[in-house]
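Note sheet for the following structure.
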Amino acid sequence: QVQLVESGGGWVQAGGSLRLSCAASGRTFSSYAMGWFRQAPGKEREFVARIQWSDVRWSNGRTYYADSVKGRFTISRDNAENTVNLQMNSLKPEDTAVYYCAARGSRPVTYYSTLDSSTAYDYWGQGTQVTVSS
């Protein structure tokens with residue numbers, strides 16, 4: 001069983017920064033991709049960012065972002081620590097949500113856009129609250 005544990009959430013004023021981390025533990029697994037999603041009260045869970053390393057040319061991983069966070073958020077992977085991080089800068093009140101880390105097993109996808117859907121992921125963390133005040 002694989003466990004994902006998020007940390008780093010909290011409260012910040014608009015314009016501030018937070019760094020979320022997702023630590024993977026449990027049995028060794030080879031993930032195809034990992035992602036961050038978020039869910040605000042009364043809204044559906046939405047894609048935030050993903051990183052995949054299915055091609056040896058992507059030594060640092062290939063990243064993709066939702067338009068709403070592009071240029072402000074950065075997803076990265078720390079191989080030594082087996083973690084995936086989400087650096088969030090220039091935070092806005094509309095970024096307030098519970099943020100979830102997700103991992104997909106080793107199965108590839110035909111279209112990378114498939115990884116923007118929560119249904120593409122096999123493992124989920126418990127979520128961490130991010131609150132941005134205006």
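Test of understanding: in a Gaussian network model of the chain with alpha carbons linked when under 10 Å, which of Tyr112, Tyr65, Tyr123 would top the mean-square fluctuation ranking?
Largest GNM mean-square fluctuation: Tyr112.
Sticking with the crude label model, points 7 Å out along Cα→Cβ, report the distance from Ser106 to Thr119 in nm, one decimal please.
Label-label distance for Ser106 and Thr119, simple model: 2.6 nm.
Taking GluC sites (Glu not before Pro) as exposed when DSSP calls them loop (any state but H, G, I, E, B) and at most 13 other Cβ atoms lie within 10 Å, what is the longest stretch of the chain free of them, the sites themselves excluded?
82-134
What is the packing order of peptides 13-23, 97-107, taking the mean over residues of other C-beta atoms within 10 Å and listing the highest first?
Taking the mean over residues of other Cβ atoms within 10 Å, the ranking is 97-107, 13-23.
At a Förster radius of 35 Å, what calculated FRET efficiency corresponds to the Cβ-Cβ distance of Ser76 and Thr131, to the nearest 0.05?
0.90
What is the magnitude of the charge dipole of the chain about its Cα centre, with +1 placed on the Cβ of each Lys and Arg, -1 on the Cβ of each Asp and Glu, and no other charges, expressed in debye to the nearest 20?
The dipole of the chain has a size of about 180 debye.
No value in this document is a laboratory result; all are computed from the given coordinates. Computed from a prediction, not measured in an experiment: that's the story for all the values here. In this analysis, Cβ positions are derived from the backbone assuming ideal geometry, glycine residues included, and neighbour counts consider all displayed protein chains.
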